[in-house]
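Right, one structure below, let's go through it.
Please treat every number below as a calculation from the coordinates, not as lab data. Just so it is clear, the structure is predicted and the values come from calculations on it, not from any experiment. Don't worry about glycine lacking a Cβ; one is built from the backbone with ideal geometry, like all the others, and counts go over all protein chains shown.
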Amino acid sequence: MKFQLFTDGGSRGNPGDSAYAYIILDQDGHEVASGSNYLGTMTNNEAEYRGLLAGLKEVLSRGGTEVEVYMDSELVIKQLKGQYRVKAANLAPLNREAVDILTGMRSAKVNHVRRENEVIIKADALVNWTLDQHSLARQLRR
């Protein structure tokens, strides 16, 4: 099965409160899954990778053998393509895991898209909603 995976990650502060989101479309462009998760304190790039990994694992759980990934993180995309070295020690294992999953698929492409992409806008909104919900819960516990 072929899927399109749109992922985003974000941090309020760098490092700071972080979350990720992903949206998966089938080959006809219909949304078949989405998810988000609060991550705690980490860097923006870690959140980007964790969103990618969560989305890739969801694709695999749905029987995906082909994936086209779309992210607005130029750094992550260029690292996945081998155009940039992974210098940060905290990103190296995340990059390896993502590359392992991608190379294990029958077909995989990774694409950098602008933040204005309509599905990335939706994923970004989901990241911010997740961060807002965590912040609200923290305030209510006080």
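Taking θ = phi - 60°, what integer Hz values does the Karplus form 6.51 cos²θ - 1.76 cosθ + 1.60 yield along the range 52-58, in sequence order, with x for Gly and Pro?
Karplus values, whole Hz, x for Gly and Pro: 4, 5, 4, x, 4, 5, 5.
Report ³J(HN,Hα) in whole Hz for each residue of the range 63-69, in order, from the Karplus equation J = 6.51 cos²θ - 1.76 cosθ + 1.60 where θ = phi - 60°; Gly and Pro get x.
My calculation for the range 63-69 gives x, x, 10, 9, 9, 10, 9 Hz in order.
Calculated from DSSP H runs of 4 or more alone, at -39500 (n - 2.57) each and per residue, what is the 222 nm mean residue ellipticity of the chain, nearest 500?
Values: 4 runs with 61 residues, N = 142.
Estimated from H runs of four or more residues: -14000 deg cm²/dmol.
Using the scaling law 2.2 N^0.38 Å as the reference, what is the normalised Cα Rg of the chain? Present the calculation step by step, with values, prior to reporting the outcome.
Working: Rg = 14.7 Å, N = 142, 2.2 N^0.38 = 14.5 Å.
In units of the globular-protein estimate, the chain measures up at 1.01.
Given Cβ point charges of +1 (Lys, Arg) and -1 (Asp, Glu) and nothing else, what value in debye, to the nearest 20, does the dipole of the chain about its Cα centre take?
Working: 18 positive and 18 negative charges, 100 e Å.
The dipole magnitude comes to about 480 debye.
With θ taken as phi - 60° and the coefficients 6.51, -1.76 and 1.60, list the Karplus ³J(HN,Hα) couplings across the range 94-106 in order, rounded to whole Hz; mark glycine and proline as x.
Each residue of the range 94-106 in turn: 5, 4, 4, 5, 5, 4, 4, 5, 5, 6, x, 8, 4 Hz.
Could you please report the charge total around A92, scoring K, R as +1 and D, E as -1 over all other residues with beta-carbon less than 13 angstrom from its beta-carbon?
Summing Lys/Arg as +1 and Asp/Glu as -1 gives 0.
Summing Lys, Arg as +1 and Asp, Glu as -1, what charge do residues with Cβ under 12 Å from the Cβ of A47 carry, A47 excluded?
Summing Lys and Arg as +1 and Asp and Glu as -1 gives -3.
Is the range 1-67 rounded, prolate or oblate when judged by the Cα gyration tensor, a ≥ b ≥ c being the square roots of its eigenvalues, rounded requiring a/c under 1.5 and prolate requiring a/b larger than b/c? Walk me through the intermediate numbers first.
On the way: a/c = 3.07, a/b = 2.60, b/c = 1.18.
Cα axes put the range 1-67 in the prolate bin.
Assuming R0 = 35 Å, can you tell me the calculated FRET efficiency for the pair V32 and E74, based on Cβ-Cβ distance, to the nearest 0.05? Please report the intermediate quantities before stating the final value.
Numbers: r = 27 Å, r/R0 = 0.76.
Efficiency, from the Cβ-Cβ distance: 0.85.
Taking Cα pairs under 8 Å and at least six residues apart, what relative contact order does the chain come out at, in percent? Could you put the intermediate results ahead of the total?
Numbers: 275 pairs, mean separation 42.0, N = 142.
30 percent.
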